[in-house]
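Worksheet: one structure, shown below.
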Amino acid sequence: MSSDRILSVDHLTMRFGGIVAVHDLSLSAERRKITALIGPNGAGKTTVFNCITGFYKPSGGTMRLTHDDGREVWLERLNDFRIAKQAKVARTFQNIRLFPGMTALENLMVAQHNALMLASGLTFLGLIGAPSWRSAERRAIDQAKFWLTRIGLLDRADDAAGNLPYGDQRRLEIARAMCTEPALLCLDEPAAGLNARESAELSALLLSIRADQGTSILLIEHDMSVVMEISDHVVVMDYGVKIAEGTPQVVRDDPKVIAAYLGADEQEALAVMESGT
Amino acid sequence: MAALAPAQTHASRAQGAAFILKKALISAFVALVLFSLMIGIRTEAGPSGQLIYWTRFGELAAMVVTVFGGSIIVELLRQWWGPVGTIRIVPPSVQKALAVARRAIAPLLLVFTFLVPVIFYDQRYILDLAILVLTYVMLGWGLNVVVGLAGLLDLGYVAFYAVGAYSYALLATNFGLSFWVCLPLAGILAAFWGMLLGFPVLRLRGDYLAIVTLAFGEIIRLVIINWQSLTGGPNGVSGIPRPTLFGIPLTPGDDGLAARLGIEFSPTHRIVFLFYLILAMALLTNWVTIRLRRLPIGRAWEALREDEVACRALGINTTTTKLTAFATGAMFGGLAGAFFATRQGFISPESFTFQESALVLAIVVLGGMGSQLGVALAALTMIGGFELFRGLDQYRMLVFGIAMVVLMIWRPRGLIGHRDPTVFLKRSHAISSDLVKEGHG
């Protein structure tokens, strides 16, 4: 079981001055599975994400990423862009961060930066237009086209990303993260602001990414229909600590979780549950 | 607009015309009220001290008609240039013609530039001015990499210009190295200084970056002034060798180019040679920049301008990306500096003041950040236009200032504000300047 984990976070603690945003949190994500991280607002979910993706340096704890080939990366020792480059962890943002003035296609090309930099001989081969660079660029465009087709935006490839409708921007951001060929894809509220139909499309996209690319997914989500439909494993946080975990079904029926979401204590939650059923 | 039915377009055009007419009438009325006293009635002290006055209704009418006509023209221009979605009153045929004209500007300008020495062979003044304009075009294109593409505000660009100029001047006068050996050396040294500046300032953003680069520009100038033993201090470096045509000097002597070709010597040969030299250097800058934009490094620069956090999340090393932008821009500045030194034959710290940095930055901003054609046009307007207004004497700065303010009101994102995608599948749509970010350091 433990050998199948792609990510194991142990005793993660994150303090901002006197505030403890995440306290002694341990969680794990399994390979080729979708793990959801849920919790009420301010529970510290995004802080955990920022630690995993290198935007924050955790105050304590370890985060181990195990690649398919058994290579282990300790995420807390890497910082900044190296998490994405070396550990192959890609992420999206709660408030979409595309490059609005660049086209959808260009956004996906930028995502393949590191591979293309090597192919362009650190720019020098590219500057003289070497054939090896040309073919690498064509492959990169094909890769971008593949993802644009997957998210149904091939027709809008040449439009500025900032001009796309909101739902399309969300999917484009996921496609951009996928273009970095990640081992672990971290999605911060991918369904936020989407309507029911778009949410359903998103669920289908995430399931197909898991099935076809074999990418492990870690997501924060408030939209319970999405969480319940696609996650294999759910971790619930409240006030910086883990309060429950398990399959969606188990978590849904956990009185602690309901109490956290209702803002009530456990006994009240049990009473609510009993009166409801 | 194309999606609208013809009848609808027609209606909106009529509406637009009414709007323009109304605006023009209001302007004309305001002009009438204002000028009726200022121009309509002329008062003067009579010979015995009494007030005499007479009316000038003819002039007044001319003024009002001018305002009326002018305001229609201004409004039409604004609608033509204006953002997408405004009602366009200019008929499609005219629009199409203008679009064609716009596309033809760059090649026409290039052909004309090549022909300048032929057309103005006898006019030394124009040739000198053209060389000056081209120098600023090259500087503008160089700074465009840093400011326009990477979105890093650099107020000390003249430092690299100075480094390039002094590199050539000192290497040539002290070691007798030729221009063609020194040119790449000047570029490399300036790029090196660009990296050196880059390292400490890369964590700074926005205003802070601007201030540090400004300070760096001043530091270089002060070092040049005070390091007398090396740079000659305020006296500068003189006797800088003139460039040779791959070893053949452009002098009246027996081994000069004129003698070898068997033609009569003329000092204009050297000017023409310098003209084509800076033209070649500027075009090289342009070519490299256009090329770089389509390479991963160029896309990373633009992505950095758009959103630095997203870049990091995609595994782009923002530090080296910024450093390469700084170094590339600095290299072009250094090359232009070497050219400046060889053209002048004499350099002193006075040529490398903050004024120069500001001028080059103004060219980039005015031209439209990131647009190669825009920067070239802006350099032509700024440097050439400034010379054009020479006849206005003390009002020159005033006219120039007004022209810039008007231009910035009309085109807040520069002459050419839109962005062309670097790669496309079917059709390259220009991206409106509203979407393109300016960068924040």
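Only one entry of B:Leu388, B:Leu377 meets the criterion of being within 23 Å of B:Leu279 (Cβ to Cβ) and in contact with a Leu (Cβ under 6 Å, 6 or more places away or on another chain), and that entry is B:Leu377. Scanning the range A:122-148 for residues that are touching a Leu at 6+ places or on another chain (Cβ under 9 Å), part of a helix (DSSP H, G or I) and within 28 Å of B:Val309 (Cβ to Cβ) returns A:Gly126, A:Ala136, A:Glu137, A:Ala140, A:Ile141, A:Gln143, A:Ala144, A:Lys145, A:Trp147, A:Leu148. Return only the number of the condition from (1) more than 11 Å from chain B (Cβ to nearest Cβ); (2) in a loop (DSSP other than H, G, I, E, B); (3) closer than 20 Å to A:Thr180 by Cα that A:Phe93 does not satisfy. Evaluating A:Phe93 over (1) more than 11 Å from chain B (Cβ to nearest Cβ); (2) in a loop (DSSP other than H, G, I, E, B); (3) closer than 20 Å to A:Thr180 by Cα leaves (1) as the failure. So, in the range B:312-367, of the ones that are β-branched (Val, Ile, Thr) and within 13 Å of another protein chain (Cβ to nearest Cβ), which residue ends up farthest from B:Ile278 (Cα to Cα)? So the residue we want is B:Ile316.
Restricted to helices (runs of 4 or more DSSP H) entirely inside the range B:248-333, those with at least 2 residues that are touching a Lys or Arg at 6+ places or on another chain (Cβ under 8 Å) are B:268-293, B:296-306, B:308-313. Checked against the criterion of being away from chain B (no Cβ under 14 Å) and either of a type in the set (Val, Ile, Thr) or surrounded by fewer than 21 Cβ atoms within 10 Å (Cβ to Cβ) (or both), the candidates A:Leu219, A:Leu194, A:Leu206 yield just one match: A:Leu194.
Restricted to the range A:113-159, and to residues that are in contact with a Ser or Thr (Cβ under 6 Å, 6 or more places away or on another chain) and crowded, with 21+ Cβ neighbours inside 10 Å, which residue is farthest from B:Leu295 (Cα to Cα)? Per the criteria, the residue is A:Trp133. Could you grab me the full set of residues in the range A:77-92 that are on the phi < 0 side of the Ramachandran plot, surrounded by fewer than 21 Cβ atoms within 10 Å (Cβ to Cβ) and in contact (Cβ under 8 Å) with a residue 24 or more places away in the chain? Within the range A:77-92, A:Leu78, A:Asn79, A:Arg82, A:Lys85 qualify. Restricting attention to the range A:177-219, the residues that are under 12 Å from the mean Cα position of the chain (by Cα), over 19 Å from A:His67 (Cβ atoms) and in a helix (DSSP H, G or I) total 1.
Restricting attention to the range B:415-441, the residues that are more than 14 Å from chain A (Cβ to nearest Cβ) and either within 15 Å of B:Ile363 (Cα to Cα) or more than 21 Å from the chain's Cα centre (by Cα) (or both) add up to 2. Need pairs with beta-carbon distance below 9 Å; first residue closer than 14 Å to A:Glu106 by Cα and within the range A:165-180, second crowded, with 23+ Cβ neighbours inside 10 Å and of a type in the set (D, E, K, R); sequence gap 6+ or separate chains. Every condition considered, the pairs that remain are A:Ala177/A:Arg91.
Filtering the range B:405-414 to residues that are surrounded by fewer than 20 Cβ atoms within 10 Å (Cβ to Cβ) and either assigned to a loop (DSSP other than H, G, I, E, B) or more than 21 Å from the chain's Cα centre (by Cα) (or both) leaves B:Arg411, B:Pro412.
Would the range B:368-388 turn up any residue that is within 27 Å of B:Glu75 (Cα to Cα) and more than 12 Å from the chain's Cα centre (by Cα)? The answer is yes, given that some residue of the range B:368-388 is within 27 Å of B:Glu75 (Cα to Cα) and more than 12 Å from the chain's Cα centre (by Cα).
Note on the range A:51-89: residues that are within 14 Å of chain B (Cβ to nearest Cβ), more than 16 Å from the chain's Cα centre (by Cα) and in a helix (DSSP H, G or I) amount to 1.
In the range B:419-440 there is no residue matching the filter, namely being in a helix (DSSP H, G or I) and surrounded by fewer than 20 Cβ atoms within 10 Å (Cβ to Cβ).
Within the range A:188-208, the set of residues being touching a strand residue (DSSP E or B) at 6+ places or on another chain (Cβ under 7 Å) and over 16 Å from A:Tyr166 (Cα atoms) comprises just one member, A:Leu206.
The set of residues from the range B:258-300 being within 14 Å of chain A (Cβ to nearest Cβ), of a type in the set (Val, Ile, Thr) and either surrounded by fewer than 18 Cβ atoms within 10 Å (Cβ to Cβ) or in contact with a Phe, Trp or Tyr (Cβ under 9 Å, 6 or more places away or on another chain) (or both) comprises B:Thr285, B:Val288, B:Thr289, B:Ile290.
Within the range B:195-231, the set of residues being at pLDDT 85 or above and part of a loop (DSSP other than H, G, I, E, B) comprises B:Trp227 only.
Any residue in the range A:26-40 that is outside any strand (DSSP E or B) and without any contact (Cβ under 8 Å) to a residue 40 or more places away in the chain? No - not one qualifying residue is present in the range A:26-40.
Taken together, the residues in the range B:175-229 that are surrounded by fewer than 13 Cβ atoms within 10 Å (Cβ to Cβ) and among the hydroxyl-bearing types (Ser, Thr, Tyr) amount to 1. The condition of being of a type in the set (Val, Ile, Thr) and surrounded by 21 or more Cβ atoms within 10 Å (Cβ to Cβ) holds for only one of A:Val235, A:Val250, A:Val241, that being A:Val235. I'd like to check something: does the range A:12-31 contain any residue that is touching a strand residue (DSSP E or B) at 6+ places or on another chain (Cβ under 7 Å), small (Gly, Ala, Ser), away from chain B (no Cβ under 14 Å) and surrounded by fewer than 16 Cβ atoms within 10 Å (Cβ to Cβ)? Yes, there is a match, as at least one residue in the range A:12-31 is touching a strand residue (DSSP E or B) at 6+ places or on another chain (Cβ under 7 Å), small (Gly, Ala, Ser), away from chain B (no Cβ under 14 Å) and surrounded by fewer than 16 Cβ atoms within 10 Å (Cβ to Cβ). Residues in the range A:102-121 that are facing another protein chain (nearest Cβ under 8 Å), modelled with pLDDT under 90 and not in a helix (DSSP H, G or I): A:Ser120 alone. The single condition among (1) assigned to a helix (DSSP H, G or I); (2) exposed (fewer than 12 other Cβ atoms within 10 Å of the Cβ); (3) of a type outside the set (Ser, Thr, Tyr); (4) at pLDDT below 85 that B:Pro117 does not meet is (2).
The values are calculated or read from the model by the stated rules, or taken from the named source; none is laboratory data. Remember, it's a predicted structure, so these values are computed and weren't measured experimentally. Note: ideal-geometry Cβ built from the backbone for every residue, glycine included; neighbour counts use all protein chains shown.
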